[in-house]
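Since the structure comes first, as structure tokens, the remarks are kept for the end.
The values are calculated or read from the model by the stated rules, or taken from the named source; none is laboratory data. Since this is a predicted model, take the numbers as computed values, not measurements. Cβ placement follows ideal geometry from the backbone for every residue including glycine, while neighbour counts extend to all protein chains displayed.
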Amino acid sequence: MSSTTDIPTQDLHVAIIMDGNGRWATAKSLARLKGHAKGADRVRDIVDAAMDMEISHLTLFAFSTENWKRSEGEVLGLMALFRRFIRSEAAKLFSRGVKVRFIGSRDRLDQSLISLMEGLETQTADNDKLYLTIGLNYGGRDEIARTAKKLAQMVKSGEIEPDDIDIDAFAGQLDTNGLPDPDLVIRTSGEYRTSNFLPWQSVYAEYVFEDTTWPDFDNHLFAKTLEEFKGRNRRFGAVSSK
Ligand code: IPE
Ligand code: IPE
Ligand code: MG
């Protein structure tokens, strides 16, 4: 795939809102969970494609803090799918040099899933080929509120002064601390919104919205979104030299 695009990908952070599993299944008269299972297959392919293109950072939105509003059956099915995914993919992710990190609150997750997440983070901690970050029970507002609470506690304990709180200090306490900001945010399935995904981190990200549902988002479309990104003129508030 690297031949399809000549964008320098080494320092690229691509984040994806993987939307449309349910609609993919419904269109085929299948249960929504079949769509989620197909979506998990797509995650494998896109991680492989990211590695082939030597993208350094890939962040995937798997489950939002609002997704608990879904039926108990769908939520339990998704949690079982996350457990299965970690069990089946851990060895390959480790051997390919992927460093996995989960962002989001662990509050409502069950202990068996938390143990698998922590195990995968520990197992892959020393890898550096692809930084794969997975938003699981992630919500940007929740992350920002938890960060404010952490900083308030640090002030209360005397560790820092209120004056020490600036953009860098705040970013340093977010779940994403140490990660570069996303350069490109892709959302599949024709919805033009961000649904609480990385609001702090994406203020200067480029967005590409694709009509295709996530289970049908193939490597060719992935390369196409990168091409579109490549044509964007990023200014970061300055005056363009182009
Ligand atoms: C994305 O697909 C996966 C999750 C949010 C867990 P959806 O389940 O939101 O699929 P649609 O949007 O209903 O088609
Ligand atoms: C965003 O998709 C969350 C994930 C992809 C995990 P949703 O399907 O939950 O978003 P809304 O409800 O359409 O905004
Ligand atoms: Mg959706």
* **Positions within segment 16-41 being under 14 Å from the mean Cα position of the chain (by Cα) and more than 11 Å from ligand 2 (Cβ to nearest atom), in sequence order** => Ala40
* Give me a count of the residues in segment 93-121 that are assigned to a loop (DSSP other than H, G, I, E, B) and on the phi < 0 side of the Ramachandran plot. => 7
* To do: Could you please give the count of residues in segment 175-198 that are buried (at least 21 other Cβ atoms within 10 Å of the Cβ), within 10 Å of ligand 3 (Cβ to nearest atom) and part of a loop (DSSP other than H, G, I, E, B)?
  => 2
* **Residues located in segment 37-52, provided they are among the hydrophobic types (A, V, I, L, M, F, W, C) and over 17 Å from Val185 (Cα atoms)** => Ala37, Ala40, Met51
* **Test result for Ser112, more than 22 Å from Phe197 (Cα to Cα), polar (S, T, N, Q), loosely packed, with under 15 Cβ neighbours inside 10 Å and modelled with pLDDT of 95 or more** => yes
* For segment 42-101, how many residues are among the hydroxyl-bearing types (Ser, Thr, Tyr) and more than 16 Å from ligand 3 (Cβ to nearest atom)? -> 4
* Asked: Name the residues in segment 77-108 that are without any contact (Cβ under 8 Å) to a residue 40 or more places away in the chain, among the small types (Gly, Ala, Ser) and farther than 16 Å from Asp48 by Cβ, would you?
  -> Ala80
* Considering only segment 122-155, state which residues are outside any helix (DSSP H, G or I) and in contact (Cβ under 8 Å) with a residue 60 or more places away in the chain. => Lys129, Leu130, Tyr131, Leu132, Thr133, Ile134, Gly135, Leu136, Asn137, Tyr138, Gly139
* Options Gly20, Gly39, Gly35, Gly97: the member that is among the small types (Gly, Ala, Ser) and away from ligand 1 (no atom under 16 Å from the Cβ) -> Gly97
* Asked: What do you reckon, is Arg32 among the basic types (Lys, Arg) and within 15 Å of Lys99 (Cα to Cα)?
  -> no
* Might you let me know whether segment 34-41 holds any residue that is away from ligand 3 (no atom under 14 Å from the Cβ), surrounded by fewer than 15 Cβ atoms within 10 Å (Cβ to Cβ) and either of a type in the set (Lys, Arg) or at pLDDT 95 or above (or both)? => yes
* Asked: Within the set of pairs 6 or more residues apart or between chains, which connect a residue that is among the basic types (Lys, Arg) inside segment 8-28 to a residue that is within 13 Å of ligand 3 (Cβ to nearest atom) and at pLDDT 95 or above with Cβ atoms less than 6 Å apart?
  -> Arg23/Thr213
